Amino acid sequence: MLRNTPETYGLVAIALHWLVALVVVGLFGLGLWMTGLDYYDPRYRQAPDLHKSIGVLVCGLMVLRLGWRLVNPRPAPEPTLTPFERTASRLAHALLYGLLFAVMAAGYLISTADGRPLEVFGLFEIPATLVGLPDQADLAGDIHLALAIAVVCLAGVHALGALKHHFIDRDKTLLRMLGRGRETPKT
Ligand code: HEM
């Protein structure tokens, strides 16, 4: 139930997948919105604090997810997948993991560029480590945005792939990420 089986995803992988997906899309929207806020807007400081704190939370979830994935292998691909689709999906998943960690690392470098620690929900702080690189905040900011756009675009293609499997190939690829992998797909 909690663990993946050779046929389907378990509850832990499913919960982590959808939680991270939801929060990543939310953080992307919040990030774009907050950069347009006026300096005198009361949310000018609150929104970035929230964005950073939630970003650290996602980082924790991603570490958990990676750890879970390492001790709990994913189910075998559905037999309907072509060799190209198998390779492409493996590559896309690895890229999504890599890009998400890279976005978070760049976000950390923006927040701590001036040597101040990153405060998480006012509960604890993550100290600055790498500071004083030339134009650190601006450069890390450009990289953070570019990588975040790449994550959202790749996640969009990935979601389209899942929908194609569900509606065109009519296999269990999407169903098993929705906790319904044991049901017989529509014919
Ligand atoms: C920001 C959004 C998303 C991210 C970062 C993401 C990331 C991932 C990753 C890394 C995996 C590999 C399995 C794992 O490690 O848990 C995965 C699997 C999967 N995702 Fe997503 N995902 C996102 C959104 C979506 C959406 C919107 C859909 C559906 C419309 C979707 C459908 C699936 C399915 C069906 C699988 C299982 C694929 C398989 O078994 O080969 N994902 N996703």
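The values are calculated or read from the model by the stated rules, or taken from the named source; none is laboratory data. Treat the numbers as computed from the prediction; the structure is a model and nothing was measured. A quick note on method: Cβ atoms are made from the backbone with ideal geometry, for glycine too, and the neighbour counts reach across all protein chains shown. Each accessible area value is taken on the protein alone, full model and side chains, heavy atoms only, with ligands, DNA and RNA left out. Shrake-Rupley method; radii C 1.70, N 1.55, O 1.52, S 1.80 Å.
Any idea what the relative contact order of the chain is, in percent, if you count C-alpha pairs under 8 Å spaced at least 6 apart? Could the numbers behind the result be given before it?
Numbers: 190 pairs, mean separation 45.7, N = 187.
Rounded, it is 24 percent for the chain.
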Per-peptide average of other Cβ atoms within 10 Å, ordering 111-118, 134-141 highest first: 111-118, 134-141
Local electrostatic count at SER111 - Lys and Arg +1, Asp and Glu -1, tallied over other residues with Cβ under 14 Å: -2
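List the chymotrypsin sites (Phe, Trp or Tyr not before Pro) within region 1-95 that DSSP assigns to loop and that have no more than 13 neighbouring Cβ atoms inside 10 Å. Mind showing how you got there, number by number?
Details: sites: TYR9, TRP18, PHE28, TRP33, TYR39, TYR40, TYR44, TRP68, PHE84; in loops: TYR9, TYR39, TYR40.
Qualifying residues, ordered by number: TYR39, TYR40.
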Computed [θ] at 222 nm, deg cm²/dmol, the chain (DSSP H ≥ 4; -39,500 (n - 2.57); rounded to nearest 500): -22000 deg cm²/dmol
Computed E for ALA15/ILE149 - FRET, C-beta separation, R0 41 angstrom, nearest 0.05: 0.95
LEU16 accessible area, assembled protein chains, probe 1.4 Å, Å²: 20
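Of all accessible surface on region 111-187 at a 1.4 Å probe, what whole percent is carbon and sulfur? Walk me through the numbers before you get to the answer.
Working: 3260 of 4980 Å².
So the carbon and sulfur contribution to the accessible surface is 65 percent.
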Between helix 43-71 and the chain: long-axis angle, C-alpha atoms, 0 to 90°, nearest 10: 40
Sequence of ILE110, ILE168 from largest to smallest accessible area, 1.4 Å probe: ILE168, ILE110
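Whole number in Å², please: accessible area per residue of the chain, 1.4 Å probe, ligands, DNA and RNA not counted.
I get 62 Å² per residue for this part.
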Principal-axis tilt of helix 136-164 within the chain, Cα atoms, nearest 10 degrees: 20
Choice from PRO42, PRO127, PRO79 showing the highest fluctuation, given a GNM over the chain with Cα pairs closer than 10 Å: PRO42
